[in-house]
1. Residue check, P33 against (1) part of a helix (DSSP H, G or I); (2) modelled with pLDDT of 85 or more; (3) closer than 23 Å to T105 by Cα, all met but one. Which one?
2. Contact list please: Cβ distance under 6 Å, first residue in the range 69-80 and closer than 15 Å to F14 by Cβ, second residue of a type in the set (F, W, Y) and modelled with pLDDT of 85 or more, pairs at least six apart or on different chains.
3. What are the residues in the range 22-56 that are in contact (Cβ under 8 Å) with a residue 24 or more places away in the chain and over 14 Å from the mean Cα position of the chain (by Cα), if any?
4. Within the group A56, A87, A94, A83, which residue is surrounded by fewer than 19 Cβ atoms within 10 Å (Cβ to Cβ) and under 24 Å from L13 (Cβ atoms)?
5. Could you figure out which of (1) in a helix (DSSP H, G or I); (2) over 13 Å from the mean Cα position of the chain (by Cα) isn't true of L3?
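The values are calculated or read from the model by the stated rules, or taken from the named source; none is laboratory data. Just so you know, these numbers come straight off a predicted model, no measurement behind them. Neighbour counts run over all protein chains shown; Cβ positions are idealised from the backbone, glycine included.
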Amino acid sequence: MPLNPWIEALVALFLVAGSLFALIGAIGLYRLPDFFTRLHAPTKATTLGVGGMVIASMIYFSARNGSLSLHELLITLFLFITAPVSAHVLAKAAMQQKLRLHDSTRGKPWQQ
């Protein structure tokens, strides 16, 4: 059973947007100079990227089956809750270890 073209366009939009966010996050993870600046790429851009792809999946399977697909909604909720928490724990651990910073990174929280 073919889907409505508007639904397909919406799914494609979320897939492309999610893929672009994931790509930007991956490039940021590769290009940024130190741990603290690299931490922003996977926790912000990649989380939005995966979230966009999961929302596209939710829309597709909800339209295909004719009922709301909650599996993807739960995955998205779990992702949006755990990514900031894990980033915070990693940042606190890096501060305790006093990881070396790049010269252009501003703010050294352990030298207060």
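1. Single failed check for P33: (1).
2. The qualifying pairs are S69/F61.
3. Selection gives P33, D34, F35, F36, T37, A56.
4. On the way: A56 fails: surrounded by fewer than 19 Cβ atoms within 10 Å (Cβ to Cβ); A87 fails: under 24 Å from L13 (Cβ atoms); A94 fails: under 24 Å from L13 (Cβ atoms).
Being surrounded by fewer than 19 Cβ atoms within 10 Å (Cβ to Cβ) and under 24 Å from L13 (Cβ atoms) holds for just one of A56, A87, A94, A83, which is A83.
5. It is condition (1) that L3 fails.
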